[in-house]
Amino acid sequence: SQVDLPEEYRDYIYNECLEVPEHLQSYLLSYCHEAGFSAPFADSSFREAPDYVGSEEEMDLINEQRRILAFEVYSHFIKNYDYTMSPGASPVNDDFVQYFLSTQKRGYCVHFASSAVMLLRTMGVPCRYAEGYCLPPTLVAEGQPVAGESVSDWYTGPTTLQEQGIIEVDVNDSYAHAWIEIYMEGYGFIPFEVTPADMDDDMGIPDIAGLFSGLFDIDFNMAELPDANPDDNITQPQEAISGLF
């Protein structure tokens with residue numbers, strides 16, 4: 001059945017969430033070509049909003065392509081870039097994303113999330129940058145119940161929090177994180193983790209990455225991640241995400 005979106009929200013998804021700064025467009029397009037991502041660059045319509053999605057099959061095809069491209073970008077980052085909390089500053093006159101992708105090649109969540117948004121938008125995937133705090137389950141389990149508070153005052157919709165009540169936890173900057181959210185037809189914006197885990201760091205990054213990985217069933221075994229090569233590995237991301245929807 002046709003999926004109808006309010007005009008303003010549709011404009012937000014297919015204009016604002018596909019926007020790429022003009023000075024970056026040619027660079028990012030060349031970068032995506034060289035990386036071997038499987039976006040259909042030959043067809044200019046791939047960056048245009050569909051008039052409507054007429055069936056679940058059509059939605060599945062659109063969503064499948066978006067998920068595959070997201071996994072290709074994530075795999076590309078893991079194989080070619082390093083996670084570090086001390087990447088150094090970007091030169092004043094250089095674009096933050098372009099400098100990271102072309103020269104710096106090391107950074108933390110803000111670098112990876114910002115760059116992933118620009119790359120995916122270039123390939124026609126509506127997405128947005130998000131940041132906040134990601135708390136591992138172990139921290140939540142250690143929280144203390146707060147008397148006199150109702151879950152309904154803080155949260156709407158189905159949630160297992162109804163069984164746990166409101167708890168208070170100590171949160172510091174080590175739990176700050178940036179990630180991306182990809183628009184999936186028929187579902188809305190879905191969080192996706194693009195920052196490689198730093199396995200040598202005890203600051204909680206692997207836990208944060210693992211928290212997001214549960215949404216897309218990501219395996220952090222680098223040897224099993226697909227290359228950004230659609231000819232040899234196009235089936236691997238499909239198999240990895242088949243259980244999400």
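The values are calculated or read from the model by the stated rules, or taken from the named source; none is laboratory data. Because the structure is predicted, anything quoted here is derived from the model rather than measured. All Cβ positions, even for glycine, are placed from backbone atoms using ideal geometry, and neighbour counts span all protein chains on display. These accessible areas exclude ligands, DNA and RNA; they are computed on the full protein's heavy atoms, side chains included. Shrake-Rupley method; radii C 1.70, N 1.55, O 1.52, S 1.80 Å.
The accessible area of PHE189, taken with all protein chains in place and a 1.4 Å probe, comes to roughly 30 Å². Residues whose amide H lies under 5 Å from that of MET184, counting only those 5 or more places away or on a different chain, are PHE189, ILE190; hydrogens are built 1.01 Å from N in the peptide plane. For the stretch 111-182, GluC sites (Glu not before Pro) are listed when DSSP marks them as loop and at most 11 other Cβ atoms sit within 10 Å of their Cβ; the list is GLU142. Close amide H partners of ARG106, meaning residues 5 or more places away or on another chain with modelled amide H under 5 Å apart, are ASP82.
Under the rule a/c < 1.5 gives rounded, and otherwise a/b versus b/c splits prolate from oblate, where does the stretch 96-201 land using the Cα gyration tensor? The shape class here is oblate.
The rule of thumb for compact globular proteins, 2.2 N^0.38 Å, goes into the C-alpha radius of gyration of the stretch 68-132 1.09 times.
Size descriptor for the stretch 95-152, Kirkwood hydrodynamic radius: 14.6 Å (Cα pairs only, one decimal).
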